[in-house]
Structures are given as C-alpha cells and as structure tokens.
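Let me give you the structure first, and then I'll get to my questions.
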Amino acid sequence: MVVIGLSAVAVIVVLSIFFHYVPFVLWLSAKVSGVHISLLQLFLMRIRNVPPHAIVQAMIEAHKAGLSDITRDGLEAHYLAGGHVAKVVHALVSASKANIELTFQMATAIDLAGRDVFEAVQMSVNPKVIDTPHVTAVAKDGIQLIAIARVTVRANIKRLVGGAGEDTVLARVGEGIVSSIGSAESHKAVLENPDSISKLVLKKGLDAGTAFEILSIDIADIDIGKNIGAALQIDQANADKNIAQAKAEERRAMAVALEQEMKAKAQEARAAVIQAEAEVPKAMAEAFRTGNLGIMDYYRMKNIQADTAMRDNIAKD
C-alpha cells in the first residue's frame, strides 16, 4: 500500500510538472478559438520566462477582433522588452472598432515610452476635459482678472511618442489667457465677451508638439481681483516721496556741514586776531625802545580807544 501511495504521489508530481511546462489546456483553448500555436512553442515560452497564458489570451483576442498583424513573436518580444501585452491588444482592438489608424509597432512604441496606449485610444474616442488652475492676468486699465478655463483635448496617436503631456498644454493655455487679457483695453471688455479669450487662444496653435489635439477652450469663470494699476501708482508715489526725502536730507546734511565749516573758519579767524592782538604790546614796547613811538602818541591812542569804547557802549544801550 505504501509503495502504491508513493507511486501515485510521484505520478501526480510528474503530471503537475508536465502540465506546468506543457499547458495542454491552454493549447486546447487556443485550438478551439482558431489560434494556431504548438505545444512546443508553449513549452519554449516557459523556458524563456514568458507567461503562455498572457500571450495566448492576447492572440485569441486579436484573432477574434480580426487583427492579422499581431504575431506570437511580436507579443513575446514586447513582453520581454517590459511592455504590457494585454493593454496593447486592448488598444488595438478598440482602435480597430473606432476606425482609428493604429499599427502594432506604433502601439508597442507608445507602450514602451511609458504612456497608457489603451487610455490614449479611449481619449481619442472620448475627449478629455482638463481644468486649468487659476490664471491671473492684468488688463491695460490696471484691473486684475482671475480666470479658470476648461480645455477639451483629444489624444493624438501619432504624436504620443515624443509629444508633450498635459502640463505643457495647461501651461500654454495659461500663457495664452494672460496674453489675451493683457492685450484688452479694459477689464470690462473681457467680462462682456469672455469668448474672445477662447478665440484668441485657439488661434495660437497651442497643441503643436504635444500628444493632444485641443478641440475647444471654454472660460468657466472670471473674477475681478485687485486694482494693480492703482497699487502701482501708490507704490510709485511712495518711492518718489522717499527719493525726495532722501534728497532733502542730503541737502540738510550739506548745509549743516557747510555751517560747521564756516564756524571753524570763524574760530580760526578769531584765534588769529587774538594772536595778533597779543603781539601788539610787544610791538609797542619795541617801538618805545627804538624811539618810533613817543609818549604823546601813546596817550592819543589811548584816548582814541576810550572814545571808541564809549561810543560802543552808547550804541549798545
């Protein structure tokens, strides 16, 4: 009994390994679905670390949808390159049903580029609406306007590889809105005809070089912000006032410096006078000794000084 049990276990293990490497049921499912693939190829897929189930299911889906350009080798190569086999086949089937031109090579290139090719096909059939963030711009009259736009885009299959994404589209639309509002003579004109912004922005061809085709740009909301013109005028007036105050302070400082300089010169002059007066007695003594000054001359000089002092006192009173 023990030997029979061990034999049964061994048979089960052998059969499990066999059906793991040779998926007979999967091969039978492919045959029934009309997909021609041999058991040897399924076995070799296991050896190459390629899941046979994913490849066979993709081939069955492509065969039922009438896609003849999808081969087993192509699917295996795409899987080994790190691609999503199921998404690529789903995208090709959806594109075929929607009459969108999409080849297997293009779909695999889009998938390997990191984009969701199935979502791109869906966006081609059903356009996507993207809301821009708040875009702030100032009209020529100085009034600030805050706008929100809704951009309807459709995926451009041919530009998905190498084309810019949604962020670039939103940035260009925001730039176009700022330019349109900035060229308006008055903010009232923008509020009266917000569709003028959409028309001007659409004319710029903002979807060039992107992976999308802009179908429409609709202004969802416009709010009035600050009076930037008045604020700038106030700032300019404050700046002019500060400049004038600085210049006045400069002139005052120069005047104070000049006054200090004049006082210094006056003090120097008084010091020179005092020094000269100190030399007068010496000169008079020398004149007495040499005989150039007599005693009567000295008294006349004293009388003149006394008379001058009296006149000064009278003038002060």
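Could you go through the range 235-254 and let me know if any residue there is part of a helix (DSSP H, G or I), surrounded by 10 or more Cβ atoms within 10 Å (Cβ to Cβ) and in contact (Cβ under 8 Å) with a residue 12 or more places away in the chain.
No; the residues of the range 235-254 include none that is part of a helix (DSSP H, G or I), surrounded by 10 or more Cβ atoms within 10 Å (Cβ to Cβ) and in contact (Cβ under 8 Å) with a residue 12 or more places away in the chain.
Of 108, 103, which residue is of a type in the set (Ser, Thr, Tyr), within 19 Å of residue 211 (Cα to Cα) and crowded, with 16+ Cβ neighbours inside 10 Å?
Exactly one residue qualifies, and that residue is 108.
Output the number of the condition that residue 208 fails; it satisfies all remaining conditions of (1) touching a residue at least 12 places away in the same chain (Cβ under 8 Å); (2) within 24 Å of the chain's Cα centre (by Cα).
Every condition holds for residue 208 apart from (1).
Testing residue 50 on (1) in a helix (DSSP H, G or I); (2) farther than 24 Å from residue 155 by Cβ, one condition comes back false. Which one is that?
Residue 50 satisfies all of (1) in a helix (DSSP H, G or I); (2) farther than 24 Å from residue 155 by Cβ except (1).
Go through (1) within 30 Å of residue 142 (Cα to Cα); (2) open to solvent by 60 Å² or more (accessible area, probe 1.4 Å); (3) in a helix (DSSP H, G or I) one by one and return the number of the condition residue 204 breaks.
Condition not satisfied by residue 204: (3).
When you look at residue 55, is it modelled with pLDDT of 65 or more, in a helix (DSSP H, G or I), β-branched (Val, Ile, Thr) and touching an Asp or Glu at 6+ places or on another chain (Cβ under 8 Å), yes or no?
Considered against the rule, which asks whether it is modelled with pLDDT of 65 or more, in a helix (DSSP H, G or I), β-branched (Val, Ile, Thr) and touching an Asp or Glu at 6+ places or on another chain (Cβ under 8 Å), residue 55 comes out as yes.
Considering each of 72, 48 in turn, give the residue that is basic (Lys, Arg), out of contact with any Pro (no Cβ under 6 Å at 6 or more places or on another chain), touching a residue at least 24 places away in the same chain (Cβ under 8 Å) and exposed (fewer than 14 other Cβ atoms within 10 Å of the Cβ).
Of 72, 48, the one residue that is basic (Lys, Arg), out of contact with any Pro (no Cβ under 6 Å at 6 or more places or on another chain), touching a residue at least 24 places away in the same chain (Cβ under 8 Å) and exposed (fewer than 14 other Cβ atoms within 10 Å of the Cβ) is 48.
Also: May I ask you to say which residue of 113, 155 is at pLDDT below 85, of a type in the set (A, V, I, L, M), surrounded by 15 or more Cβ atoms within 10 Å (Cβ to Cβ) and more than 18 Å from residue 71 (Cα to Cα)?
155
So which residues in the range 123-150 are in a strand (DSSP E or B), under 30 Å from residue 105 (Cα atoms) and open to solvent by less than 40 Å² (accessible area, probe 1.4 Å)?
130
Continuing with the same structure: Here's a check for you: in the range 210-232, which residue that is over 16 Å from residue 135 (Cα atoms) and at pLDDT 80 or above is surrounded by the most Cβ atoms within 10 Å (Cβ to Cβ)?
Once the filter is applied, the top-ranked residue is 212.
The values are calculated or read from the model by the stated rules, or taken from the named source; none is laboratory data. If you're wondering where the values come from, they're calculated on a predicted model, not measured in any experiment. Here the Cβ is made from the backbone with ideal geometry for all residues, glycine too, and neighbour counts use every protein chain on show. These accessible areas exclude ligands, DNA and RNA; they are computed on the full protein's heavy atoms, side chains included. Shrake-Rupley method; radii C 1.70, N 1.55, O 1.52, S 1.80 Å.
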